[in-house]
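Heads up, the thing below is written out as structure tokens.
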Amino acid sequence: MKKGTVLVSGGAGYIGTHTAVELVAAGYGVVIVDNLANSEACAVEGVRRITGIEVPFEQVDACDGQALRGVFEKYGFVSAIHFAAFKAVGESVADPLKYYRNNLTSFMNLCALMHEFGRSDVVFSSSATVYGQAGVLPVTERSPRLPATSPYGNTKQMAEDILRDCCAAYACMRGIALRYFNPIGAHPSTLIGELPRGVPQNLVPYITQTAAGIRPCLSIFGNDYPTPDGTCLRDYIDVVDLARAHVAAVDRMTQGRMEASYEVFNIGTGRPVSVLELVEGFERANGVEVPRKFAPRRAGDVPAVWADTRLAARALGWQAVRPLEETLRTAWAWEKRIRGIK
Ligand code: NAD
Ligand code: UD1
């Protein structure tokens with residue numbers, strides 16, 4: 001039985017497309033809203049091919065309140081997942097207004113319309129960046145949020161607070177913030193994946209482009225951190241596992257299982273992996289070489305962060321299941337497909 005329709009804003013993007021696929025698989029209707037600021041219409045085609053369903057797509061800027069209202073008037077939603085945002089940390093430092101305007105206006109428009117239309121279940125894409133360098137690892141949802149080190153990170157904290165306050169004020173409103181750790185990999189079909197524009201800032205796209213010969217050499221930023229091999233530790237979460245966490249969050253809301261009107265969950269694997277381990281794991285999983293060198297630390301990087309995932313397991317009934325090796329295979333399969341490499 002169809003479970004109702006979910007608005008997926010930013011649904012043509014990397015995590016949004018994977019989530020749209022998993023929502024359809026779980027029996028939800030999906031409407032994708034995206035202005036294609038950082039994605040291509042072919043990503044929606046990928047979702048349609050995987051699901052076999054003509055998932056509706058509205059090319060709308062979520063900052064345009066009137067246009068977004070038109071989407072609400074056309075469809076009825078049981079809940080909304082807000083992915084729409086800019087996400088380049090360095091760019092947010094150079095042009096903070098671009099980030100505050102886009103990431104916060106789009107989110108406030110969505111919350112206001114959900115509230116106005118009386119369908120007030122909202123899932124927000126937050127980030128482990130809100131923890132900064134935590135004093136105690138792994139981080140739990142009760143770990144303090146540290147002052148953001150970039151406007152991008154600040155938009156995540158501010159949007160979490162907006163959602164929290166709306167849920168406290170408006171009787172019918174419920175919200176879940178999912179704090180993602182490091183999403184990587186692609187759908188096993190290779191029909192959807194990450195499409196970074198320009199030089200990738202994140203580790204896995206840089207690795208796959210280096211393996212493909214597009215970049216000559218991977219720079220490993222820092223090998224003198226206080227970690228076992230001197231490189232940073234992160235919690236790399238498969239994008240399909242991450243997508244399923246959204247389905248679990250929407251289920252929890254629509255089934256009335258929330259314990260408070262606003263909840264926060266860490267979405268990671270709970271396993272720290274170093275940069276060096278990830279690169280070597282990628283080489284082993286795929287039988288390819290990744291030329292690399294050690295380079296100075298990157299400004300703003302924290303030495304180590306990984307998730308305590310017990311709350312998500314207990315409350316959402318969700319945990320990451322895909323082994324890292326398989327995820328790294330999907331990352332390479334996706335890169336090969338988009339580059340036409342055999
Ligand atoms: P993405 O850039 O692939 O997807 C975001 C989508 O939102 C894009 O398709 C873009 O065109 C769209 N968009 C941006 N502004 C819009 C607007 N005003 N109106 C309509 N559409 C708009 O990024 P992603 O990796 O899929 O990230 C999704 C969300 O998850 C973002 O909020 C991001 O900050 C958050 N997040 C991502 C990561 C990560 O590592 N990818 C980690 C933590 C949190
Ligand atoms: C970064 C962002 C974070 C954002 C997240 C997901 C910063 C400081 N943080 O997190 O806000 O939520 O992406 O988009 O930008 N690395 C290399 N060489 C590279 C690229 C990365 O060694 O070419 C290392 C980094 O130093 C880091 C690790 O790989 O130790 C992971 O980097 P990355 O994928 O950029 O994610 P985060 O820094 O964790």
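The values are calculated or read from the model by the stated rules, or taken from the named source; none is laboratory data. Computed from a predicted model, the values in this text were never measured in an experiment. Here Cβ is always computed from backbone atoms with ideal geometry, including for glycine, and neighbour counts include all displayed protein chains. Surface accessibility is based on the protein's heavy atoms, side chains included, excluding ligands, DNA and RNA. Shrake-Rupley method; radii C 1.70, N 1.55, O 1.52, S 1.80 Å.
What to note about this one:
- Of everything in the stretch 284-333 that is in contact with a Leu (Cβ under 9 Å, 6 or more places away or on another chain) and over 28 Å from Q133 (Cβ atoms), the residue that is most open to solvent (accessible area, probe 1.4 Å) is R284.
- Within the stretch 157-199, the set of residues being without any contact (Cβ under 8 Å) to a residue 24 or more places away in the chain and open to solvent by less than 10 Å² (accessible area, probe 1.4 Å) is empty.
- Pairs where the first residue, in the stretch 117-139, is within 11 Å of ligand 1 (Cβ to nearest atom) and the second is open to solvent by less than 20 Å² (accessible area, probe 1.4 Å) and among the basic types (K, R), C-beta under 8 Å, 6+ apart: S126/K156; S126/R179; S127/K156; S127/R179; A128/R179; T129/K156; V130/K156; V130/R179
- Within the stretch 177-235, considering residues that are closer than 26 Å to F107 by Cα and in a strand (DSSP E or B), the one nearest to ligand 2 (Cβ to nearest atom): N182
- Selection status of S120, of a type in the set (S, T, N, Q), away from ligand 2 (no atom under 16 Å from the Cβ), modelled with pLDDT under 95 and surrounded by 16 or more Cβ atoms within 10 Å (Cβ to Cβ): yes
- Members of the stretch 303-342 found to be part of a loop (DSSP other than H, G, I, E, B), modelled with pLDDT of 95 or more and charged (D, E, K, R), listed by number: D308, R322
- Just one of the listed residues (P151, P147) is under 30 Å from H115 (Cβ atoms), open to solvent by 50 Å² or more (accessible area, probe 1.4 Å) and either touching a residue at least 60 places away in the same chain (Cβ under 8 Å) or more than 10 Å from ligand 2 (Cβ to nearest atom) (or both), and it is P147.
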